[in-house]
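Report on the following structure.
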Amino acid sequence: MKPIDPAQAHALAAIVSGGSFEAAAAALSVTPSAVSQRIRALEVAVGRPVITRSRPLRPTEAGLAIVRFARQFDLLSADLASELEASDDGPRQRITIVVNGDSLHTWVLPALVPVAESLQIEMLREDQEYSLELLRSGAAAAAITSVSAPMPGCSSHALGIMRYIPVCAREFQQTWFRDGATAEQLALAPVIVFDRKDDLQDQYLRSRTRRVLDPPRHYVPAAQEFTDAIRLGMGWGLVSELELGDDPQGLVPLSPGGPVDVRLYWQQWRHGSSALATVGEAVRQAAAVLRRPAPVVP
């Protein structure tokens, strides 16, 4: 395979961002014909298609790898420019990361405040089960995920365990769970779910009852409002112990009911930049508030 031409890789990245050759041409200040020529030359260099000619245009597996290369190249170029200029007057480098809603709501944001003094940070909110897709597509340079195995071209670092407690308002408990959270009552009691990707409540139901239950559901896709809905008695749900803290403000654990533990990992591009390394270090240090895995007893 021939070496990848950065201009050709950036043409592909611009197509993926804009969705068309015309949008890519406008972003790169060239003609659509020039973009098309770069893509043809890129496909000759790699010996396979890099984009599907569909609507909307989508990168192939090879194309995704090249898009990541283009965006990693941008990060490294920005690092080099900062080093050569040695000035604080230039534009701040932008780093895009993926964070699940509960981590963003409880522990990640304070960690990024010092980093934000010198960088632009774009945070994409996505469930930890699905965040790697944004990393894989090149839309983000790092992600908090529940997947430990590093994605190709990435490193993976264990952050810790985020523990979720099944809770409800005291009045809700008296109405629905006076005799405890039995399987029969859990099948009937309304439950609060973050969105249709959120599987935490169903994980609890499966572990608690060994059955597949389908109780009435309310979807509340915002971290603060999710907990507010539980406090207001709309339903029960799983809330992180970091948010509950020492003052659960009227929320009581389901009885009986055990926690649901979610292991979190930080995955980032292996060939990123010093700016990305700075963000990663800040996130890993802040993750000290998470639970540590129990030691393995031989």
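Here are the numbers:
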| quantity | calculated |
| --- | --- |
| Which numbered condition Ser29 misses (of (1) open to solvent by 40 Å² or more (accessible area, probe 1.4 Å); (2) in contact with a helix residue (DSSP H, G or I) (Cβ under 9 Å, 6 or more places away or on another chain); (3) closer than 30 Å to Ser274 by Cβ; (4) of a type in the set (Gly, Ala, Ser)) | (2) |
| Filter result for Pro248 (under 17 Å from the mean Cα position of the chain (by Cα) and over 21 Å from Ala116 (Cβ atoms)) | no |
| Matching residues, the stretch 266-295, being under 22 Å from Ser207 (Cβ atoms) and either outside any loop (DSSP other than H, G, I, E, B) or open to solvent by 20 Å² or more (accessible area, probe 1.4 Å) (or both) | Arg291, Arg292, Pro293, Ala294 |
| Flag if Gly63 is surrounded by fewer than 12 Cβ atoms within 10 Å (Cβ to Cβ) and in contact (Cβ under 8 Å) with a residue 40 or more places away in the chain | no |
| Candidates Gly258, Gly233, Gly245, Gly280 - the one that is on the phi > 0 side of the Ramachandran plot and touching a Phe, Trp or Tyr at 6+ places or on another chain (Cβ under 9 Å) | Gly233 |
| Boolean, Ala287 is in contact (Cβ under 8 Å) with a residue 12 or more places away in the chain and under 22 Å from the mean Cα position of the chain (by Cα) | yes |
| Any chance Arg68 is over 30 Å from Phe226 (Cα atoms), open to solvent by 90 Å² or more (accessible area, probe 1.4 Å) and of a type in the set (Lys, Arg) | no |
| Meets criteria (on the phi > 0 side of the Ramachandran plot, out of contact with any helix residue (DSSP H, G or I) (no Cβ under 6 Å at 6 or more places or on another chain) and at pLDDT below 85) for Ala81 | no |
| Selection from the stretch 207-253 of residues that are touching an Asp or Glu at 6+ places or on another chain (Cβ under 7 Å) and either under 14 Å from Val191 (Cβ atoms) or not in a helix (DSSP H, G or I) (or both) | Tyr219, Pro221, Thr227, Gly233, Ser240 |
| Qualifying residues in the stretch 84-103 (those that are open to solvent by less than 50 Å² (accessible area, probe 1.4 Å) and in contact with a Leu (Cβ under 6 Å, 6 or more places away or on another chain)) - the one modelled with the lowest pLDDT | Gln93 |
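Here's the yes/no breakdown for (1) on the phi > 0 side of the Ramachandran plot; (2) touching a residue at least 24 places away in the same chain (Cβ under 8 Å):
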| residue | (1), (2) |
| --- | --- |
| Asp5 | no, yes |
| Ala11 | no, yes |
| Ile15 | no, yes |
| Gly19 | yes, yes |
| Ala23 | no, no |
| Val35 | no, yes |
| Leu42 | no, yes |
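The values are calculated or read from the model by the stated rules, or taken from the named source; none is laboratory data. Computed from a predicted model, the values in this text were never measured in an experiment. Quick reminder, even Gly has a Cβ in these numbers, built from the backbone with ideal geometry, and neighbours come from all protein chains shown. With ligands, DNA and RNA removed, areas are computed over all heavy atoms of the protein, side chains included. Shrake-Rupley method; radii C 1.70, N 1.55, O 1.52, S 1.80 Å.
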